[in-house]
1. Hey, HIS184 hits all of (1) more than 17 Å from the chain's Cα centre (by Cα); (2) in a helix (DSSP H, G or I); (3) surrounded by fewer than 22 Cβ atoms within 10 Å (Cβ to Cβ) but one; which does it fall short on?
2. With respect to the numbered conditions (1) within 19 Å of VAL443 (Cβ to Cβ); (2) among the charged types (D, E, K, R); (3) at pLDDT below 70, which one is the sole condition not fulfilled by LYS383?
3. Under 8 Å by Cβ, and 6 or more places apart or on different chains, what pairs join a residue from segment 12-23 that is in contact (Cβ under 8 Å) with a residue 24 or more places away in the chain with one that is in a helix (DSSP H, G or I) and of a type in the set (D, E, K, R)?
4. Need the failing condition index for PRO573 against (1) within 30 Å of PRO488 (Cα to Cα); (2) modelled with pLDDT of 60 or more; (3) under 31 Å from the mean Cα position of the chain (by Cα), just the number.
5. Out of segment 145-181, which residues are under 19 Å from the mean Cα position of the chain (by Cα) and within 25 Å of ASP116 (Cβ to Cβ)?
6. Could we say that SER84 is in contact (Cβ under 8 Å) with a residue 12 or more places away in the chain, hydroxyl-bearing (Ser, Thr, Tyr) and on the phi < 0 side of the Ramachandran plot here?
7. Of the residues that make up segment 483-495, is at least one over 28 Å from the mean Cα position of the chain (by Cα), small (Gly, Ala, Ser), part of a loop (DSSP other than H, G, I, E, B) and in the same structural domain as THR564 (by the TED database)?
8. Is it the case that segment 131-147 has a residue that's in contact (Cβ under 8 Å) with a residue 12 or more places away in the chain, more than 26 Å from LEU19 (Cα to Cα) and surrounded by fewer than 21 Cβ atoms within 10 Å (Cβ to Cβ)?
Amino acid sequence: MLKFISESRSLFVCTVIFLTSIFLRSTVDIGADTGVYLDLGKKIAEGKKYYFDFFESNFPLSFYYYALQFNISQISGLNTIILSEIFINFLAVVSIFWSEKILRNGKVFADKFHHDLVVIAYCLGFFLRPNALQTGEFGTKTSLLLISLYPYISYSFFRKIPLTKTDLIWRGMLMGIIPCIKPHYLIFIIFVEVYRFFCKPLFKFFLELDKLVMVLIGASYLFLMSKFTPEFFEFMVPMWSKAYSSYNDAGVFMENIWRHFASRILPFSFIFLIFSRLKFSDNDKILLLLFTAASCLMLVENVGTVDQVVVFYAIITICFLKLLRDIFVSKIIIFSEEMFIITALLLIPAFDMTILPASIFGLGGLVNVWWLVALIYPFFSGKRIVLFWIPCLAILATIAVLTLKYLGPWAYITVNLTILFVVLFVFEKKFFVEKLSTLSVFVIFTSISCLLYSYLSTFAGVFSRESEYTSPHKLSDMTAYYAKKYAPQKDDGIVTISIWIAHQFPLLNYLAKENIQKFHVATMRADQGVAGKSLMFLINDSDKVFTNFYLFDDIKNAVKNVQTKLVLVNNAPKILNEHHRCFIGTLEYYFLDPEFRKFFLKNFHFENRVVINHQVKPLKKISFITKEKPSVFDQIIPSKQQLLHDFEIYVRN
């Protein structure tokens, strides 16, 4: 047994990871987005169409995948939730085993440890995914992407044994399927294939079998979409950008860009400082390209929801495990000399998960003091420090301060961390020849600690249930109670008016009810209106007006539907953040439409109001990377509880 384990390290570790994931996920409900995909799969199976029956921006491949599962569940009698978990776990296991076989057959890594660590990273990134495990979010397009991406990555590493024709066909199929899940997933293929082209810049590169298979699949997919789902191109493409705030507001878009750089991309990029000492291998370059592609994907998708972040963490897990092995083998760090720093940074997340990464990369952390630390490094003689180094730091500090003033905290952190990375990489490469400096060791292991923190905090989130997206919770219990009381029949409908999908799904799935709205949840709210002009939304953009009317009509039709027995209205979003005008309640906003007001007051009556608070720690004086600020009430008496949900329950007469 011990011999088997020693010879099959990756198999043993992956088995433990898989079983741990199954156990932890069994303690929570499926995720909200997973619930949406199950609902849309049912609608697709029933022949329903984009725009006319549902409003969704994603390509249909994921929904046809769930439509297949729905049909199988109808034949087999298995619950669709159970069937979806079986499907996704089975496909993930097949993908990881296949990826391992590709690495082994191609003799990609001479070091068996490298091979095992990459396979373990595949398993970690999929089954113990940070930010998603505690919410049960596994049945979405992200899972389908990782299932396709892992074998593609294994095929893309440089091999000692060339790819066969069969390998090229499989690789081409993966390259074709990945953008069919979501078009901008093509980013991964573009980064890798452009690099491989420049390694051998020959025209025949574009005529290789895998590229031809990819083009064939892509062209066939677009043809099938134009034939069977033409509504996607006609309506969804122009309408979604008007409904998606990040693409519709340049200020929000840029704020999210800076936030992603400051909170994720740059803090994790410090692992690549090891290449100030080590030479990039061909496969290291592939890892760097994958890291860059994952970062670009997050920037393009912009908001940074659970699904969007999962892919980023999956990729950096591969990078970190492989490069950690390189650190130990290369001896560029003298562990006996840096033991205290390394041990402290690796243990901090296990004892206090609120410290990292904010205390290092936040506004009150290392980002503000590294300028002073840099002065003690022996880059120059004392005279040159005065003449060159101090003026350079003064200029860089001025740039950072101006960034803070005019672009905001996220941009300030981004500029500081970028400068720190460049200074460490360029200057320490020149002046520290034999080993990495203490400052480099500190930031590298801070990055490692941040990744460890991400996994540990996810584990903690499963048991603590602190996330409002982790179901079941108080709100889902409340909704289930009123649903059983006032909408007990399967065909009885529930309409949830809230900005969060998690307030509607996956509860509808567990209650075996269909979403009678076209959109996942009624999302229009008062801050989309024009204060003081009695307008529900801006009218200077005809396309946006069309989209807003579509969404509001969807809400009205859902409420008017005779099957709707229960309406839940969330008043909590932004209730403490509206400082520029009087707060407009959700129903008050909807009552600006006379038809909605008349129908609602005639057919529904107020049943109850449910206010749910959650415990919060008193806000500390230090300003963290989250930009957490006290509410107007906290400025008077720091609160230990914060309003989380304020729901009004309305029942049909």
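The values are calculated or read from the model by the stated rules, or taken from the named source; none is laboratory data. Predicted model only: the values in this text are computed from it and were never measured. Note that each Cβ is placed from the backbone with ideal geometry, even for glycine, and that neighbours are counted across all protein chains shown.
1. Only one criterion is unmet by HIS184, namely (1).
2. Tallying (1) within 19 Å of VAL443 (Cβ to Cβ); (2) among the charged types (D, E, K, R); (3) at pLDDT below 70, LYS383 fails exactly one: (1).
3. Here the result reads VAL13/ASP116, each pair linking segment 12-23 to a residue that is in a helix (DSSP H, G or I) and of a type in the set (D, E, K, R).
4. Among (1) within 30 Å of PRO488 (Cα to Cα); (2) modelled with pLDDT of 60 or more; (3) under 31 Å from the mean Cα position of the chain (by Cα), PRO573 violates only (2).
5. Matches in segment 145-181: LEU145, LEU146, ILE147, SER148, LEU149, TYR150.
6. Yes; evaluated as a whole, the condition is true for this residue.
7. yes
8. Filtering segment 131-147 down to residues in contact (Cβ under 8 Å) with a residue 12 or more places away in the chain leaves 131-147.
So of that shortlist, the ones also more than 26 Å from LEU19 (Cα to Cα) come out as none.
No, segment 131-147 contains no residue that is in contact (Cβ under 8 Å) with a residue 12 or more places away in the chain, more than 26 Å from LEU19 (Cα to Cα) and surrounded by fewer than 21 Cβ atoms within 10 Å (Cβ to Cβ).
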